[in-house]
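One structure is given here, and the rest of the page talks about it.
Derivation of every value follows stated rules applied to the coordinates shown; laboratory data play no part. From a predicted model like this one, the values you see are computed outputs, not experimental measurements. Cβ sites come from the backbone with ideal geometry, for glycine too, and all protein chains shown count toward neighbours.
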Amino acid sequence: MDVLIRHADPDRDAAACAEIYGPFVRDTVISLEEVAPGEREFAERIRRVSLTHPWLVAEVGGPVVGFAYASAHRERASYRWAADVAVYLDPEYHARGIGRALYGALLPLLERQGIRVACAGITLPNDASVALHERFGFEQVGVYRRIGWKAGEWRNVGWWQLELVAPGEHAPPDPGPPARLTGA
């Protein structure tokens, strides 16, 4: 199976990303959003996020079957070297290496950009997501207990962290603009 990883284009990819993400909102507690964003909202998210962080899509034989992106971890300036990351796949393409391919492209882009730490919040339980993140070296650093209400229950969110670059004694240069895939 040939997987093409490329940067997302808001006009070209928003509908596919919304279609992939929608069931995670409507049918699961994996996303704690309550209303699935439509194509227009997704296009705006891709545009906004891509100004500061990479947003990638995976194609298999033409159609987009998954996406991964990074975003600011928090708004305060001291967090500028950290990014939150997420990956979503069409369920028909789970366990085929596409999530690994997306993170395998995304994480080096963050490092090149000057991001030092990648963080992932995972609504628990989610064994597949935990396994994917831990495969990349993410370590669990804590759990927000009963932080979100969805589907009639309080939900826990576990936090995983990956140090992309070891910290130094002094502040590093500010992160740059989003890095691009080679040839992209």
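For this structure, a couple of remarks:
- Only helices reaching 18 angstrom along their own axis (Cα) with mean Kyte-Doolittle hydropathy no lower than 0.5 count here, and not one DSSP H run of the chain does.
- Helix-only arithmetic for the chain: the sum of -39500 (n - 2.57) across DSSP H runs with n ≥ 4, divided by the residue total, places the mean residue ellipticity at 222 nm at -9500 deg cm²/dmol.
- Residue-by-residue Karplus 3J(HN,Hα) for the stretch 59-64, coefficients 6.51, -1.76, 1.60, Hz, glycine and proline x: 10, 10, x, x, x, 6
- Net dipole in debye of the stretch 3-163 [+1 Lys, Arg Cβ; -1 Asp, Glu Cβ; about Cα centre; nearest 20]: 500 debye
- When only Cα pairs below 8 angstrom with a gap of at least 6 residues are kept, the chain shows a relative contact order of 22 percent.
- Working ranking of peptides 174-182, 162-170, 99-107 by packing, defined as the average number of other Cβ atoms within 10 Å per residue, highest first, is 99-107, 174-182, 162-170.
- Amide H contacts of Ala86: Tyr69, each under 5 Å away and 5 or more positions distant or on a separate chain (H built 1.01 Å from N in the peptide plane; Pro and chain starts excluded).
- Under-5 Å amide H pairs with Gly148, H placed in peptide plane, nonlocal only: Arg155
- Computed across the chain, the Kirkwood hydrodynamic radius from all distinct Cα-Cα pairs reaches 16.9 Å.
- Calculated FRET efficiency, Arg6 to Ala128, Cβ-Cβ distance, R0 = 25 Å: about 0.55 to the nearest 0.05.
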